[in-house]
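Engineer: Sharing a structure with you now.
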Amino acid sequence: MTKPHTTDTQDTETAVNPYPPVRIVNDSFAPSLPSTRIGEHGPVTEGTIGILFMAYGGPESLDEMPGYLADIRSGRPTYAEVLEEISGNYEAIGGKSPLPEFTRAQIEATMTQLSTTGGDYRAYAGMRHWSPWIEDAVRDMLDDGIQRAVAIVLAPHYSKLSVEKYQKKIKAALEMYHGQIEFVFVNEYHTEPGYITAMADRVRMGIQEFPEADRDSVHTVLSAHSLPVRVIREGDPYADQLLESARLIAAQAGLRDDQWSWSYQSEGRSPEPWLGPQLEDWLPQLKAERGVDKVVSIAIGFVSDHVEILFDIDIEAQKVAREIGMTLVRPPALNTDPLFIGTLASVIHSKAQELA
Ligand SMILES: C=CC1=C(C)c2cc3[nH]c(cc4nc(cc5[nH]c(cc1n2)c(C)c5CCC(=O)O)C(CCC(=O)O)=C4C)c(C)c3C=C
Ligand SMILES: [Fe+2]
Ligand SMILES: [Fe+2]
């Protein structure tokens, strides 16, 4: 999400929330992920391999917002103005996060692909910041008798503030339940050809929104969620991986160097410096310094349309673009794009071969 910064002195997502909030379910509420078990769940045999799909998680009503934020903020209090602002952002995109629904659709589509491999796979969903929790998924896998599993995060780039945190939750859950599952981890898939081609298709899709005569002057801005600069200085590979993906996507889309650029988005609220430039600052700079007035915006670190795209780009960045007389086109995220789903299936299937 975005500025303004508060005086909050937070240490980004490092601590564990000591009081994970519990979702309150009533008769009129039908969550998109009511269970960690997705799809067919017949008897588990020695050859069965569990697949734990992990995602950020998202609130499916505004009532869930305080609990969701409490988890993201590792139990630190959320100031009223921050809660109000973030709730307002979700209200503007329909009052709920579409992430759980997309996550479910992505898992179902990947399992359909995997069913053609002959492997005996069982799918589980575990969210990092909301229900159904990663811990719930590990408990259900243990209950089902799963002995070997592949774990994958629905985010292609590795960071110790993202993918590593998900993996640590699995290890902590195994300890908590005194259980044993042999896990292999997909750490990243940011250079996988299917992912790169699917993103390059999005670039082309965006450019085609402009009249043919204008297309050569369209500028593509590729972006991803920002992180504190400190994390990269400590050796985190996130920024390098993003740029590697960005260069491959631009090349695959046939863009010249002057036809694309990089920016970050969705900076957090801690007072320390975050990676930039931020999209809403970069757009005016592109206009002022290079005369760019037609932009395709693609968030390459996200694989589904959720608040960081639907609000941060479609509402906030779009407002900035309008104010400076720039046309900004934002093609849909990958969601259940067959090329992306094929990539997930293939990285999972090849990782599964590492299991004894
Ligand atoms: C690579 C890092 C991160 C990814 C990817 C990411 C995705 C992501 N985030 C939200 C929603 C929120 N994130 C918030 C804070 C926050 N996010 C990250 C990192 C990534 N998020 C950090 C380091 C922080 C700061 C955490 C802290 O300790 O305060 C918040 C809280 C409010 C805010 O700071 O704006 C929200 C909400 C989504 C939906 C998402 C997509 C998958
Ligand atoms: Fe954010
Ligand atoms: Fe975040």
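Only the coordinates and a few stated rules stand behind these numbers; no lab work does. Everything quoted here is computed from the prediction, not taken from an experiment. Cβ: placed from backbone, ideal geometry, glycine included. Neighbour counts: every protein chain shown.
Engineer: Treating only the Cβ atoms of Lys and Arg (+1) and Asp and Glu (-1) as charged, compute the dipole magnitude of segment 193-329 about its Cα centre; round to the nearest 20 debye.
Structural biologist: Charge dipole of segment 193-329: 140 debye, to the nearest 20.
Engineer: Also, I was wondering about something else. For segment 193-329, just list the percent of Cα-Cα distances falling in each 10 Å bin from zero outward, please.
Structural biologist: 12, 43, 36, 8, 1
Engineer: Long-range amide H contacts for ASN335: which residues qualify at under 5 Å (H placed 1.01 Å from N, peptide plane, sequence gap of 5 or more or a different chain)?
Structural biologist: Hits under the 5 Å cutoff: SER304, ASP305.
Engineer: Provide the percentage of antiparallel DSSP beta bridges, counting only those with both residues in the chain; round to the nearest 5.
Structural biologist: Close to 10 percent.
Engineer: How would you classify segment 154-233 from its alpha-carbon gyration tensor, with a ≥ b ≥ c the square roots of the eigenvalues: rounded for a/c under 1.5, else prolate if a/b is greater than b/c, otherwise oblate?
Structural biologist: Judged from the Cα gyration tensor, segment 154-233 comes out prolate (a/c at least 1.5, a/b above b/c).
Engineer: Quick check on the chain: helices-only [θ] at 222 nm, where DSSP H runs of length 4 and up contribute -39,500 (n - 2.57) each and the sum goes over total residues. Nearest 500, please.
Structural biologist: It comes out at -11500 deg cm²/dmol, rounded to the nearest 500.
Engineer: Which helices, counted as full DSSP H runs in the chain, have an axial Cα extent of no less than 27 Å and a Kyte-Doolittle average of 1.6 or above?
Structural biologist: none
Engineer: Within segment 296-320, what residues put their amide N at less than 17 Å from the label point 7 Å along the Cα-to-Cβ vector of ILE232?
Structural biologist: So the set is 299-302.
Engineer: Which trypsin sites (Lys or Arg not before Pro) in segment 240-322 pass both tests, a DSSP loop state and at most 10 other beta-carbon atoms within 10 Å?
Structural biologist: In loop regions of segment 240-322 (DSSP not H, G, I, E or B), the sparsely surrounded trypsin sites (Lys or Arg not before Pro) are ARG256.
Engineer: Please report, in debye to the nearest 20, how large the charge dipole of the chain is about its Cα centre when each Lys and Arg carries +1 at its beta carbon and each Asp and Glu carries -1 there.
Structural biologist: 380 debye
Engineer: Where the Cα atoms of the chain are projected onto their three principal axes, how long is each span, largest first, in whole Å?
Structural biologist: Over the chain, Cα extents along the principal axes are 62, 47, 44 Å.
Engineer: Cut-off is 10 Å between beta-carbons; in what order do ILE93, ILE107 appear when sorted fewest neighbours first?
Structural biologist: Starting with the residue having the fewest Cβ neighbours, the order is ILE93, ILE107.
Engineer: Just how far, in whole angstrom, is segment 246-260 from segment 149-184 if you go by their alpha carbon centroids?
Structural biologist: 33 Å
Engineer: Which GluC sites (Glu not before Pro) does segment 116-209 hold that lie in a coil by DSSP with at most 10 other beta carbons within 10 Å?
Structural biologist: none
Engineer: Determine the dipole magnitude for segment 31-136: charges of +1 sit on the beta-carbon of Lys and Arg, -1 on that of Asp and Glu, nothing else is charged, the reference point is the Cα centre, and the result goes in debye to the nearest 20.
Structural biologist: Its charge dipole is roughly 240 debye.
Engineer: With a point put 7 Å past each Cα toward its Cβ, work out how far ASN335 is from SER35 in nm, to one decimal.
Structural biologist: In this crude spin-label approximation the distance works out to 2.6 nm.
Engineer: May I pose another question? Run through segment 67-132 and list the chymotrypsin sites (Phe, Trp or Tyr not before Pro) located in a DSSP loop whose Cβ has at most 10 other Cβ atoms within 10 Å.
Structural biologist: Of the chymotrypsin sites (Phe, Trp or Tyr not before Pro), not one in the loops of segment 67-132 has a Cβ with at most 10 other Cβ atoms within 10 Å.
Engineer: Rank GLN278, ALA253, ASN187 by how far each Cα sits towards the positive end of the charge dipole of the chain (+1 on Lys, Arg Cβ; -1 on Asp, Glu Cβ) and give me just the farthest.
Structural biologist: With unit charges placed on the Cβ atoms, the residue in question is ASN187.
Engineer: Just want the ordering: ARG122, ARG76, from fewest to most Cβ atoms lying within 10 Å of their own Cβ.
Structural biologist: ARG76, ARG122
Engineer: Let me ask you something else. Report the extension gain between ASP258 and ASP240 in nm, rounded to one decimal, defined as 0.36 nm multiplied by the number of residues separating them, less their alpha carbon distance.
Structural biologist: Difference between extended and current length: 4.5 nm.
Engineer: To continue, here is another question. Efficiency by 1/(1 + (r/R0)^6): what FRET value for GLN180 and ASP120, r their Cβ-Cβ distance, R0 = 25 Å, to the nearest 0.05?
Structural biologist: With R0 = 25 Å, the Cβ-Cβ based efficiency is 0.80.
Engineer: Determine the percent antiparallel among the DSSP beta bridges restricted to segment 193-329, to the nearest 5.
Structural biologist: Counting DSSP beta bridges with both partners in segment 193-329, the antiparallel share is about 5 percent.
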